[in-house]
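Peer 1: Before we start, here is the structure in question, set down as C-alpha cells.
The values are calculated or read from the model by the stated rules, or taken from the named source; none is laboratory data. In this text the structure is predicted, and so the values were computed from the model without any measurement. We place every Cβ from the backbone using ideal geometry, glycine too, and count neighbours over all the protein chains shown.
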Amino acid sequence: MFDVISNSLAVLFLSVGVFFLWVGVIGVIRLPDIYSRLHAATKCDILGAGLALIGLMIYEGLSFNVLKLLLVTLLLLSSSLVVGHVIARAARRIDLVPWQENREEKLLLEKEKLFREIFKV
C-alpha cells in the first residue's frame, strides 16, 4: 500500500515538474525581451527541475541516492538564483531596456518629429 502511495506521489511531482519545465521553455521562446525570458527560465528551473528532483527522491526511497539528489537540488536552486541575478545585472549594465508595448511606434514617431524639426518639413 505504501509503495502505491509513494509511486503515485512521485509521478505527481514528476508530472508537475515536467509541466513547469514545458511552460518555461515556451516562455523562453515566446517572450519578447531578456528580462521576461530570464524570469521564465529561472522559474521553470526552480519549480520544474526542483519538483522533478523531489519526485525522484520520493521514488528512490531511503537510500544514499536521495542524499545525492538533495545536494543536486540545493545546488540547482542556489545557482539558478545567482545566475539569474548576474544575467539581469549584466543586461542592465549594458542598458538593455525592458520591452514595452508600442515602443517601436514611439521610436518611429520620435524619428519623424526629429526629421521634421531638422528639415523644417
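One line per residue, one yes/no per condition, for (1) assigned to a helix (DSSP H, G or I); (2) over 19 Å from A91 (Cα atoms); (3) among the aliphatic types (A, V, I, L, M):
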residue: D3; (1), (2), (3): yes, yes, no
residue: N7; (1), (2), (3): yes, yes, no
residue: A10; (1), (2), (3): yes, yes, yes
residue: F19; (1), (2), (3): yes, yes, no
residue: G24; (1), (2), (3): yes, yes, no
residue: A41; (1), (2), (3): yes, no, yes
residue: A52; (1), (2), (3): yes, yes, yes
residue: G55; (1), (2), (3): yes, yes, no
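Peer 1: Give the stretch 2-49 a look and list any residue that's exposed (fewer than 15 other Cβ atoms within 10 Å of the Cβ) and either among the small types (G, A, S) or at positive phi (or both), or say none.
Peer 2: S6, S8, S15
Peer 1: Any residue in the stretch 77-96 that is within 21 Å of A49 (Cα to Cα) sitting within a Cβ distance under 7 Å of a residue that is hydroxyl-bearing (S, T, Y) and at pLDDT below 85? List the pairs, counting only those 6 or more apart or interchain.
Peer 2: Qualifying pairs under 7 Å: none.
Peer 1: Restricting to the stretch 58-98, what's the tally of residues that are closer than 17 Å to P32 by Cβ and surrounded by 13 or more Cβ atoms within 10 Å (Cβ to Cβ)?
Peer 2: Residues flagged as closer than 17 Å to P32 by Cβ and surrounded by 13 or more Cβ atoms within 10 Å (Cβ to Cβ) within the stretch 58-98 amount to 5.
Peer 1: Among the residues of the stretch 69-115, how many are outside any loop (DSSP other than H, G, I, E, B) and modelled with pLDDT under 85? Show your work before the answer.
Peer 2: From the stretch 69-115, those outside any loop (DSSP other than H, G, I, E, B) are 69-93, 103-115; that's our starting set.
With the extra rule that they be modelled with pLDDT under 85, the set shrinks to 103-115.
Qualifying residue count, the stretch 69-115: 13.
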